[in-house]
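Beneath this line is the structure, given in structure tokens, with notes to follow.
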Amino acid sequence: MKQIRICIDPDVIYDLGMNRPCTDWVDDTPEERSAFEVLIQAGNARYGKSTHWLEEREV
């Protein structure tokens, strides 16, 4: 099974006052992936190219 999460550049995390550089892992479903891709695009548009990305793992 594959899982995914959103990761965010540490500089952006600091600016936002967040304490974690990644979201929790979730099962990779078409719905989750689509939702994450929208969030990643929005984050990159606001904070700069490659500040948000998708990470994958096999479990």
Counting only residues that are hydrophobic (A, V, I, L, M, F, W, C), at pLDDT 95 or above and surrounded by 11 or more Cβ atoms within 10 Å (Cβ to Cβ), segment 19-41 contains a total of 5
Using the structure shown, decide if Arg57 is in a strand (DSSP E or B), modelled with pLDDT of 95 or more and open to solvent by 90 Å² or more (accessible area, probe 1.4 Å).
yes
Any chance Ile13 is of a type outside the set (Phe, Trp, Tyr), part of a helix (DSSP H, G or I) and touching a strand residue (DSSP E or B) at 6+ places or on another chain (Cβ under 8 Å):
no
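The values are calculated or read from the model by the stated rules, or taken from the named source; none is laboratory data. In this text the structure is predicted, and so the values were computed from the model without any measurement. Cβ sites come from the backbone with ideal geometry, for glycine too, and all protein chains shown count toward neighbours. These accessible areas exclude ligands, DNA and RNA; they are computed on the full protein's heavy atoms, side chains included. Shrake-Rupley method; radii C 1.70, N 1.55, O 1.52, S 1.80 Å.
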